[in-house]
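The values are calculated or read from the model by the stated rules, or taken from the named source; none is laboratory data. In this text, all values refer to a predicted model and were calculated from it rather than measured experimentally. Counting neighbours? That spans all protein chains shown, and the Cβs are built from the backbone with ideal geometry, glycine included. All accessible areas refer to the heavy atoms of the entire protein, side chains included, with ligands and DNA or RNA removed. Shrake-Rupley method; radii C 1.70, N 1.55, O 1.52, S 1.80 Å.
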Amino acid sequence: QPPRSCEDYWGEWKHCRGLRHAFHHYYAHGELPECGRWREDYEACRAWERDRTAAAQVPAPLPLLARPRSAGRGCWVWKLRKSPPSDWYLPLD
């Protein structure tokens, strides 16, 4: 069974192709959004409902943090810490 209903994939694809989302994505990232993945997932979901074959299974979505890194665009501005600094309680300059 797909992790989401097929209508969710269709709604995400329609949202991704919307003018407002495209404008915001272009403003934030400098390129138009790639919506083909949502359409492919929708078609795979429909094929799964129709045929129930292993080839028609919807692939698991990438984690949200892995998506920008896989595209080669994500770089963290701040270095992530495992614990707070030792002098975190001192007043700032």
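Among the residues of the stretch 15-51, write down those that are open to solvent by 60 Å² or more (accessible area, probe 1.4 Å) and under 19 Å from Pro3 (Cβ atoms).
His15, Arg37, Arg39, Glu40, Glu43, Arg46, Glu49, Arg50, Asp51
Just to be sure I understand the filter: pairs with C-beta atoms under 8 Å, separated by 6 or more residues or on different chains, first member in the stretch 69-93 and within 15 Å of His29 (Cα to Cα) and charged (D, E, K, R), second member modelled with pLDDT of 90 or more and not in a loop (DSSP other than H, G, I, E, B). Which pairs pass?
The qualifying pairs are Arg73/His29.
Would you mention how many residues in the stretch 45-74 are at pLDDT 60 or above and in a loop (DSSP other than H, G, I, E, B)?
Number of matching residues: 3.
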